[in-house]
1. Across the range 62-108, what fraction of all alpha-carbon pairs, as a whole percent, falls in each successive 10 Å bin from zero upward?
2. In whole Å, what are the extents of the range 2-117 along the principal axes defined by its C-alpha atoms, from largest to smallest?
3. Can you give the Kirkwood hydrodynamic radius for the range 1-70, in Å, rounded to one decimal and based on Cα pairs?
């Protein structure tokens with residue numbers, strides 16, 4: 001579980017450090033990589049959504065077992081940038097820097113899968129503990145195995 005915490009903490013902090021400055025970089029991007037951004041709503045939407053995901057990674061890092069289902073969704077977030085970066089690079093439509101960041105995302109996505117796998121035993125133990133507590137206290141609200149409305 002410690003590994004999962006490290007993986008998601010590093011991913012979240014790295015992402016914040018890379019993405020947050022983009023809010024102030026529109027002019028610099030237009031100058032260094034013309035043409036200028038013609039649809040700023042897409043650019044700032046990308047930056048905002050991506051930054052929000054970095055916060056999700058930090059939340060997962062706080063309690064990897066509790067937020068384990070979000071780990072697989074987080075893999076999709078990494079694939080959503082990494083795969084197109086490779087495809088666009090092979091079509092010579094983006095620069096090497098884009099490919100580099102895409103590959104970093106794919107490595108992080110692979111690490112998220114590792115985190116998901118290493119927390120498997122902890123998740124099973126947490127479920128067993130919750131079930132035992134529910135059985136001991138007689139409180140069906142604590143029992144994940146009870147069928148509501150049956």
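Every number here is computed from the coordinates shown, using simple stated rules; none is lab data. From a predicted model like this one, the values you see are computed outputs, not experimental measurements.
1. Final binned percentages: 30, 39, 20, 10, 1.
2. Result for the range 2-117: principal-axis Cα extents of 45, 29, 18 Å.
3. Kirkwood radius, the range 1-70: 13.3 Å.
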